[in-house]
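Engineer: My questions will all concern the structure given below.
The values are calculated or read from the model by the stated rules, or taken from the named source; none is laboratory data. Please read all numbers here as calculations on a predicted model, not as lab measurements. Cβ atoms come from the backbone with ideal geometry, glycine included; neighbour counts cover every protein chain shown. Accessible surface areas use protein heavy atoms only, side chains included; no ligands, DNA or RNA. Shrake-Rupley method; radii C 1.70, N 1.55, O 1.52, S 1.80 Å.
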Amino acid sequence: MCGIVGIVDAGGVSFPLYYALYALQHRGQESAGISTFEGTTLYTHKAQGLVAEVFNSQTLQDLQGNAGIGHVRYPTTGSKVPENVQPFNFRYRGLDLAIAHNGNLVNTAELREEYEHRGQIFCTTTDTEIIGNIIADALRTSKSMEDAVLLCMRRLRGSYATVALLNNTVYAFRDPLGIKPLCIGKLDNGYIVASESVAIDALDGTFVRDVRPGELIRIDESGLTSTQIATANRKAYCIFEYVYFARADSVMDGTLVYDVRRRIGQKLYDANPVEADTACPVPDSGIAYAAGYAEQSGIPFIEGLMKNRYMGRTFIMPTQQQRERAVRIKLNTVRGNLKDKRVVLIDDSVVRGTTSRRIVNMIRDAGAEEIHLRVGSPPIIAPCYLGVDMPTRTELIASGKEVEAVRESVGATSLTYISLEDLVEAIGCGEQNLCTGCLTGCYPVEINGEKSCHCVVDYVAGTHQSDLSTFKAGKERT
Ligand code: AMP
């Protein structure tokens, strides 16, 4: 769970990178960073905090150049320490390499041990540093960055959408199963690659297409080229991107996320109709779901909860009492919309169950007669090893519990989850093209001690230029 962006633009990149990161802020609030390259210098500014806290006009003006990458971080692998803030910079044989990554490798420990055994020193605990080291090592024997990325991708197991800045060229590559999203946009004077299409929209760019699983994109001042490094017999798009993580206005691998959530809302009603007075979303993640639910059921969409949009990052509160008060500042009930009402409460997911329990309590305190909780994902029963921050099985409320026990625990009148079948249908690309690890306990990559589904990846021997995807800034090159 991180956001990445890479831009080459003749008009300078620091401000566009900043706006793109702003659009991707929901993907990580822990830290933000930008690296740019100009002449012979790699410039970097990065720190812990939100995008608006980390950068100001001076720091952005200091980030010179027409090529750069950016990152917002949500910590998964690696603890919340300042040295883990990305992008990471490497200097190697006269080349400057900056790299930023979204995803999680599952063979980090093996790779790290191998490289440490060879004498490599690591400064951080992140996967990104490992990817950077493998690329630098591969560049010693490779003729090109394409060859180095090929060697690197052969070694990596897990999810990785990566942007790299090698002097003034931006590279972007996506793991062979496409677990993490990455897309391409056209700007007036260049190109952008970003985790979500909303970053392209923020710059008034034109969406071109998604980066294909296993594809490497190269952008420099003469345009964009593509190399297909790996192909697989299936894809494994993260199902949780559609359920919770991506912005609803993003188009991800051909599908508008809002449409998926709306269809899920419709299916939630069809699978389990209930008589009620209001369809009430848990803001903000439940809104598109509740819109679909209301549309299908005819039950009016009425907000019973209001979120304070100005709260910023969660306050650090030393006592339980203060933490509870902070929750009340963040979310409040619209009592008049709830009192004596039969409420269908719609949310995207129930993970630990603490949020649902608290919200159900608040709605009951506001005088609701019945609270029918409808959830836009099936029960989450297994951890995510591929980049979404999920707790262990013991902390997951649905792991090893029947739905009735979860209902009782959160205190709702009734509880229904969407079925996996309905969810897959709402996304529309087939279960074989989705990672459903957190819902089924079966993962698309091999993970020690877990079940994995059949998946074959072929790596191209040498590099192979793919057909359609060579563009020149401003117009398509044939
Ligand atoms: P809880 O059941 O208390 O763990 O909270 C679940 C709620 O947190 C969901 O309704 C989501 O809106 C949100 N959520 C789901 N997954 C995550 C995640 N990985 N990180 C942060 N928030 C999440």
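Engineer: Taking the simple approach of a point 7 Å from Cα along Cα-to-Cβ for both Asn308 and Lys451, what is their distance in nm?
Structural biologist: 4.5 nm
Engineer: Grab the other residues whose beta carbon is less than 10 angstrom from that of Ile179, score K and R as +1, D and E as -1, and report the net. Don't jump to the answer; show the numbers that get you there.
Structural biologist: Values: positive: Arg174, Lys180, Lys235; negative: Asp175, Glu241.
Once positives and negatives cancel, what remains is +1.
Engineer: Using only alpha carbon pairs under 8 Å that are at least six residues apart, calculate the relative contact order of the chain and give it in whole percent. Before the final figure, lay out the partial values.
Structural biologist: Values: 1146 pairs, mean separation 67.1, N = 478.
Here the relative contact order equals 14 percent.
Engineer: Then there is this: Near Lys330, which lysines are there with a Cα under 19 Å away, not counting those fewer than 8 places off in the same chain?
Structural biologist: Those lysines meeting the cut-off are Lys307.
Engineer: I need the shape label for segment 54-114. Rule: rounded when a/c is under 1.5, else prolate if a/b > b/c, else oblate, with a, b, c from the alpha carbon gyration tensor. Let's see the in-between values first.
Structural biologist: Values: a/c = 2.65, a/b = 1.50, b/c = 1.77.
Since a/c reaches 1.5 but b/c is at least a/b, the shape of segment 54-114 is classed as oblate.
Engineer: Which of rounded, prolate, oblate describes segment 1-110, given a ≥ b ≥ c as roots of the alpha-carbon gyration tensor eigenvalues and a/c under 1.5 marking rounded, otherwise prolate only if a/b is larger than b/c?
Structural biologist: Oblate shape, in that a/c is at least 1.5 and b/c is the bigger or equal ratio.
Engineer: Quick one: putting +1 on the C-beta of Lys and Arg, -1 on the C-beta of Asp and Glu, what dipole do you get for segment 242-443 around its Cα centre, in Debye to the nearest 20? Provide the component values of the computation, followed by the final result.
Structural biologist: Numbers: 24 positive and 25 negative charges, 202 e Å.
Using Cβ point charges on Lys, Arg, Asp and Glu, segment 242-443 gives about 960 debye.
Engineer: Under the rule of -39500 (n - 2.57) per DSSP H run of 4 or more residues, summed and divided by the residues of the chain, what mean residue ellipticity at 222 nm is obtained, to the nearest 500 deg cm²/dmol?
Structural biologist: Details: 14 runs with 131 residues, N = 478.
For the chain, the value works out to -8000 deg cm²/dmol.
Engineer: Cross-link candidates for Lys451: which lysines have Cα within less than 23 Å, leaving aside residues fewer than 8 places away along the same chain?
Structural biologist: Filter leaves Lys180, Lys235, Lys401.
Engineer: Let me ask something else. For Phe207, Phe90, Phe245, give me the order by solvent-accessible area with a 1.4 Å probe, most accessible first, ignoring ligands, DNA and RNA.
Structural biologist: Details: Phe207 80, Phe90 35, Phe245 10 Å².
From most exposed to least exposed: Phe207, Phe90, Phe245.
Engineer: Related question: Counting only protein heavy atoms and using a 1.4 Å probe, what share of the accessible area of the chain belongs to carbon plus sulfur, as a whole percent?
Structural biologist: On the way: 9460 of 19710 Å².
Here it works out to 48 percent.
Engineer: How many angstrom lie between the Cα centre of segment 117-177 and the Cα centre of segment 245-316?
Structural biologist: 39 Å
Engineer: Let me ask you something else. Once the dipole of the chain is set up with Lys and Arg at +1 and Asp and Glu at -1 on Cβ about the Cα centre, which of Gly441, Cys429, Asn308 lies farthest towards its positive end?
Structural biologist: The one lying farthest along the dipole's positive direction is Asn308.
Engineer: Between the helical axis of 108-117 and the dominant principal axis of the chain, each derived from Cα atoms, what acute angle in degrees is found, rounded to the nearest 10?
Structural biologist: 30 degrees
Engineer: Right, another one. How many Å² of accessible area per residue for the chain, probe 1.4 Å?
Structural biologist: Working: 19710 Å² over 478 residues.
Result: 41 Å² per residue.
Engineer: If you don't mind, another one. Mind running the shape call on the chain? Use the C-alpha gyration tensor, a ≥ b ≥ c as the square roots of the eigenvalues: rounded below 1.5 for a/c, prolate if a/b tops b/c, oblate otherwise.
Structural biologist: It comes out prolate by the Cα gyration axes.
Engineer: Also, quick follow-up: Report the label-to-label distance for Thr206 and Gln432 in nanometres (one decimal), using points 7 Å from each Cα along the Cα→Cβ vector.
Structural biologist: 3.5 nm
Engineer: Sort Tyr417, Tyr191, Tyr22 by accessible area with a 1.4 Å probe, largest first.
Structural biologist: Values: Tyr417 25, Tyr191 5, Tyr22 115 Å².
So, going from the largest accessible area down, we get Tyr22, Tyr417, Tyr191.
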